[in-house]
Amino acid sequence: DREKTRILAEMKADGIGYEERMERLEKITHPKPLADWLAGPIVALRADGWRVEYLGASTPVDDALDFARSLDAALVCFSASRDDTAAALADGLGRYRDDSGMTLAIGGPAVTAARAASLDVLHANGTLDAVVGSLRSAGA
């Protein structure tokens with residue numbers, strides 16, 4: 001990421017040795033806005049007996065959908081915390097065509113109701129209760 005690259009360059013310029021630079025870089029973290037947003041619904045749905053698989057933020061839409069099809073999933077959720085991620089997600093989902101009856105949902109800080117509506121997918125955003133309730137209804 002750009003911030004770590006900048007910090008690494010500064011440490012090199014300051015003459016800090018490789019081992020110490022690597023040690024310092026390991027301690028650098030960044031905000032993870034989706035971590036809190038995802039944790040609640042995952043825990044709640046698993047408590048209901050749902051099989052929940054988290055594939056990671058960098059999983060391409062096509063790969064995630066292929067994986068979901070292999071499991072005969074009833075519901076697939078995507079999330080985005082940044083506008084560029086939401087746009088890429090919308091692009092991937094906009095190309096998606098399937099007749100399996102699988103319900104698609106999108107949510108996260110960067111996803112608007114208008115974007116979800118334009119893709120004809122469930123908008124899963126709001127409070128934890130609202131998100132979990134809409135996902136429970138969609139997957140029932």
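The values are calculated or read from the model by the stated rules, or taken from the named source; none is laboratory data. Note that this is a predicted model, so its numbers are computed, not measured. For neighbour counting, all protein chains shown are included, and Cβ atoms are generated from backbone atoms with ideal geometry for every residue, glycine included. The protein model used for the area step is the full one, side chains on, heavy atoms only, and it has no ligands, DNA or RNA in it. Shrake-Rupley method; radii C 1.70, N 1.55, O 1.52, S 1.80 Å.
Which of the residues belonging to the range 44-62 are in a loop (DSSP other than H, G, I, E, B) and surrounded by 11 or more Cβ atoms within 10 Å (Cβ to Cβ)?
48, 50, 52, 53, 55, 57, 59, 60
When you go through 45, 71, 89, 75 one by one, which is the residue that is among the aliphatic types (A, V, I, L, M) and touching a Ser or Thr at 6+ places or on another chain (Cβ under 8 Å)?
Result: 75 is the single residue among 45, 71, 89, 75 that is among the aliphatic types (A, V, I, L, M) and touching a Ser or Thr at 6+ places or on another chain (Cβ under 8 Å).
Taking residue 34, is it under 12 Å from the mean Cα position of the chain (by Cα), at pLDDT below 90 and not hydroxyl-bearing (Ser, Thr, Tyr)?
Taking the combined requirement at face value, the residue satisfies it.
Any idea how many residues of the range 10-27 are open to solvent by 50 Å² or more (accessible area, probe 1.4 Å) and under 26 Å from residue 58 (Cα atoms)?
Qualifying residue count, the range 10-27: 5.
Could you tell me how many of the residues in the range 64-75 are over 14 Å from residue 97 (Cα atoms) and not hydroxyl-bearing (Ser, Thr, Tyr)?
6
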